[in-house]
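Q: Starting off with a structure, shown below.
The values are calculated or read from the model by the stated rules, or taken from the named source; none is laboratory data. As the structure is a prediction and not an experimental result, all values here were calculated from the model. Here the Cβ is made from the backbone with ideal geometry for all residues, glycine too, and neighbour counts use every protein chain on show. Protein only, heavy atoms only, side chains kept; ligands, DNA and RNA dropped before computing areas. Shrake-Rupley method; radii C 1.70, N 1.55, O 1.52, S 1.80 Å.
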Amino acid sequence: MAKRNKKKLNAQLNDNPQILYQAYGVLRGRLIWTEDNLAGLILTDDTTITISGCKAELMPWLNRRRAQLETESHLWGVYPRQDSMNELHLTLATRTLVAPPLAEDNFIIAGRVSAPPNGQHIFVEICRNRLSRNQANRNSEPTSFHLTIKGNLLMAHVGQIWRLQCVRSGLNIQMYQADHLQTSDMHSPDFIEFHPTIL
């Protein structure tokens, strides 16, 4: 009986469209390479952001069109990341061939508040995708990463899950709207059993 209830609880949590960890944005720019490596994205205002990763299935397409992509701007779907100095890096997700889900320079960040907001920054932890079958068999915990977002969200508390609508401001991500999704309890079964998916 307990196992059935547990499965039912997991299904409810995973199927809930309101609770979904995300870190995704849309930027317009042209790609640059350093020798044979994809190195960065030069945006329309001449801001250069480092590209530290790319979806494997996208790389052959990029290599075939390198000459065009170095001279022409395109819309790109990107995953934001930060290094130890909080400098913005991107993982290239896709070229947006149709109308993007977000306006240019906009980001959706949905994650767990990981430190008390200080009036200038919001510190957010984003969980990774669902575990692969091999990882699940090893009882691995889902990994996560952290983002520092500019903005004032003093009403937020550590552990709460918020969806932040953001816009790029130079090399920073600036929050302009916030929606509280859930107050999570790190010690509750609900939180432990929930494995979110990044879009």
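Q: Taking amide H positions as placed 1.01 Å from N in the peptide plane, with prolines and chain starts having none, which residues 5 or more places from Q182, or on another chain, fall under 5 Å of its amide H?
A: I161
Q: When ranked by the protection proxy of mean other Cβ atoms within 10 Å per residue, highest first, what sequence do the peptides 25-33, 42-50 form?
A: Listed from highest to lowest mean packing, they are 25-33, 42-50.
Q: Tally Lys and Arg at +1 and Asp and Glu at -1 over the other residues with C-beta under 12 Å from the C-beta of L102: what net charge comes out? Don't jump to the answer; show the numbers that get you there.
A: Working: positive: R28, R168; negative: E104, D105.
Residues close to L102 contribute a combined charge of 0.
Q: Taking 35 Å as R0, compute the FRET efficiency from the Cβ-Cβ separation of S52 and L97 and round it to 0.05.
A: Calculated transfer efficiency: 0.90.
Q: In nanometres, what is the gap between the two model label sites at T148 and Q165, each 7 Å from Cα along Cα-to-Cβ?
A: Result: 2.6 nm between the two label points.
Q: Oh, and also: Give the carbon-plus-sulfur fraction of the accessible surface of segment 63-129 in %, rounded to a whole number; probe 1.4 Å, heavy atoms of protein chains only.
A: 49 percent
Q: If you add up the charges near L171, with Lys and Arg at +1 and Asp and Glu at -1, over every other residue whose beta carbon is less than 14 angstrom from its beta carbon, what do you get?
A: My count for the surroundings of L171 gives -2.
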